[in-house]
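**Student:** Sharing a structure below in structure tokens format, with a few things to ask.
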Amino acid sequence: MAADPDLLSSPGTLDDALDQARTVADAVLFEGYVLYPYRASSAKNRMRWQFGVLVPPACTAEGGEYAEQRTDILLEPRTGDRLHAELRFLHVRRRTVERLDPDGTYTEVPELELPDRVLVPWDEGHEERIRLHAPLAELTGEQAHTRTVTFDLPPAVEHEPVRDAEGRTLGRLVRRRARLAGEIRSYVEQLAGPYRVSRLTVTVHNTTDAPAGDRTTALPHSMIGAHLLLAAEGGRFLSMTDPPEWARPAVAELRNDHTWPVLAGPAGREDLVLSSPIILEDHPVLADESPGPLYDATEIDEILSLRTAALTEREKREARGTDDRAAEVIDLVDSMPDAVRERLHGAIRGLREVTDPSGPPAAGLTLPEGTGHPWWDPQQDPEAADAPTTIPIDGEAVGQGSRVLLTPGARRTDAQDTFLRGCRATVEAVVADLDGELHLAVVLDDDPGTDIRRQQGRFLYFKPDEVAPLREEEP
């Protein structure tokens, strides 16, 4: 069966949820598309396309890439009777730059300088979408073997003239697209047991008949950032990360190769899934503070924006000539208001007074019933072990105010312990951790910041066998 040219036919509410899911899917699709400093000449940009790369079968031996991915997820059909699927990926287009010579011929050149940008050869990524919507009955049993969507994108060459401000032609960009063929196979199998639940399996194959070669040769015939959006009208997908207790054994038997499915769309929806080559949590969303796509998610947005703003004008011109998306990043950073830039510095979500017993606790805090103190506060946690005021060491009671010699043992020595071995210290407290083990909180006698450390409660901690009582008569 050929690819269905229509959009997913679905109610408006599902369309809205799909639109929200696509904003996250776009971040997956273009992850690592162009890396800071956004120039083709940068060494970082000579190794792109890190995620979801499906190469032709003959190229799997080179570079550790794969020719297919498989998604397994549990589905409760309920009142639903149709599955909608959308495969999205980037198709590489090799772009070269040609200069127009006085005799009217074109000559390929390494760069073409314009007042606002420097055009250079580059691999562009063009988004492709392959869609399928089918009755679930056609994906069950023997009929499923005939429900295969195939697609074949033929090779092509495109020319785009390059003109100056007066409209004169200076050269052209030549984009070459290689052949790319693939298929999507979907089938549903109802699982045995008291629950009406089925296993949905969707596989994506790169079937391009291309010769074996290295990664550079394979990329024009590859699907880049390949991922799936799945929708079941009237149905319910079960979370892979937090399934119902009764479904956990079935989830454990699912097989997902080179992709991971999560519930998508607004929180609470269960009829939409994003199967991504990047592991995400259920219902992923873009941060409100994000000013726009920066593509290089290995960097913190604030640092990335500040570094981009510091590029020279020549570097920015080359970035603009490298790719339209890189040009958008440069323009975004150059025009970013101070208020937006300040938001990149950090955000606090769920903040409240930790002593307020009402309402849900802030993220990462668990409050004992009837208290307003974090569970790790040994003075307030009723479950915390009671620590004695002194510990017997070498026949002496060591506690607050005792002076000790630090003797950390080799079995748990780190670099800092090595430097502290033989130093004199004063014990500030005997404390017990959540496992009931005892420790001595100390400050160094010759530390000029001792008073500040006492005020802030920033102590060094040692176990009893890592110190020795210090008698006053000892030199």
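The values are calculated or read from the model by the stated rules, or taken from the named source; none is laboratory data. None of these values were measured; they are calculated from a predicted model. Reconstructed Cβ throughout: ideal geometry from the backbone, glycine too, with neighbour counts over all protein chains shown. Protein only, heavy atoms only, side chains kept; ligands, DNA and RNA dropped before computing areas. Shrake-Rupley method; radii C 1.70, N 1.55, O 1.52, S 1.80 Å.
**Student:** Show me the strands (runs of 3 or more DSSP E) found entirely inside region 195-298 where at least 1 residues are over 22 Å from the mean Cα position of the chain (by Cα). Give the steps one after another, and end with the answer.
**Tutor:** Values: elements: 198-206, 224-233, 260-263, 272-276.
Per the criteria, 198-206, 224-233.
**Student:** Hey, among the residues in region 44-57 that are within 15 Å of N206 (Cβ to Cβ) and surrounded by 22 or more Cβ atoms within 10 Å (Cβ to Cβ), which one's modelled with the lowest pLDDT?
**Tutor:** Per the criteria, the residue is G52.
**Student:** When residues of region 185-221 are filtered for being among the hydroxyl-bearing types (S, T, Y) and more than 30 Å from G80 (Cα to Cα), how many remain?
**Tutor:** If we filter region 185-221 for residues that are among the hydroxyl-bearing types (S, T, Y), which is where we start, we get 186-187, 195, 198, 201, 203, 207-208, 216-217.
If we keep only those that are more than 30 Å from G80 (Cα to Cα) as well, we get 207-208, 216-217.
Summing the residues that are among the hydroxyl-bearing types (S, T, Y) and more than 30 Å from G80 (Cα to Cα) in region 185-221 gives 4.
**Student:** Moving on to the next point. Would you be able to say whether some residue in region 327-342 is surrounded by fewer than 22 Cβ atoms within 10 Å (Cβ to Cβ) and within 21 Å of the chain's Cα centre (by Cα)?
**Tutor:** No, there is no match, as no residue in region 327-342 is surrounded by fewer than 22 Cβ atoms within 10 Å (Cβ to Cβ) and within 21 Å of the chain's Cα centre (by Cα).
**Student:** May I ask you to list the residues in region 299-312 that are touching a helix residue (DSSP H, G or I) at 6+ places or on another chain (Cβ under 9 Å) and in a loop (DSSP other than H, G, I, E, B)?
**Tutor:** Answer for region 299-312, where residues must be touching a helix residue (DSSP H, G or I) at 6+ places or on another chain (Cβ under 9 Å) and in a loop (DSSP other than H, G, I, E, B): E299, L311.
**Student:** Right, next: List pairs: first in region 421-447 and more than 12 Å from R403 (Cα to Cα) and free of Cβ contacts under 8 Å to residues at least 24 places away in the same chain, second basic (K, R) and not in a strand (DSSP E or B), Cβ under 9 Å, 6+ apart or cross-chain?
**Tutor:** D447/R453
**Student:** How many residues are closer than 20 Å to D26 by Cβ, polar (S, T, N, Q) and either modelled with pLDDT of 85 or more or exposed (fewer than 15 other Cβ atoms within 10 Å of the Cβ) (or both) if we restrict to region 296-323?
**Tutor:** Matching residues across region 296-323 total 2.
**Student:** Follow-up question, since we're still on this one. Determine whether A40 is of a type in the set (A, V, I, L, M), touching a strand residue (DSSP E or B) at 6+ places or on another chain (Cβ under 7 Å) and in a loop (DSSP other than H, G, I, E, B).
**Tutor:** So A40 passes the test.
**Student:** Given the structure, is G235 in contact with a helix residue (DSSP H, G or I) (Cβ under 7 Å, 6 or more places away or on another chain) and open to solvent by 10 Å² or more (accessible area, probe 1.4 Å)?
**Tutor:** In short, no.
**Student:** Condition check: over 30 Å from M336 (Cβ atoms), in contact with a helix residue (DSSP H, G or I) (Cβ under 9 Å, 6 or more places away or on another chain) and not acidic (D, E). Does P266 satisfy that?
**Tutor:** No: the conditions fail for P266.
**Student:** What number of residues within region 148-171 satisfy the criterion of being of a type in the set (A, V, I, L, M) and closer than 18 Å to H91 by Cβ?
**Tutor:** Of the residues in that region, 4 qualify.
**Student:** Which ones in region 427-445 are in contact with a strand residue (DSSP E or B) (Cβ under 7 Å, 6 or more places away or on another chain) and more than 14 Å from I391 (Cα to Cα)?
**Tutor:** Matches in region 427-445: D433, V443, L444, D445.
**Student:** What tally of residues in region 421-475 results from selecting those that are part of a loop (DSSP other than H, G, I, E, B) and small (G, A, S)? Before the answer, list the steps.
**Tutor:** Taking region 421-475 as the starting set, the residues that turn out to be part of a loop (DSSP other than H, G, I, E, B) are 421-423, 433-437, 445-449, 457-459, 463, 470-475.
The next check asks that each one be small (G, A, S); those that pass are 422, 436, 449, 457.
Looking only at that region, the number is 4.
**Student:** Suppose we keep only residues that are over 16 Å from the mean Cα position of the chain (by Cα), over 26 Å from I303 (Cβ atoms) and open to solvent by less than 10 Å² (accessible area, probe 1.4 Å) within region 1-43. Which one would you say is modelled with the lowest pLDDT?
**Tutor:** Selected residue: L14.
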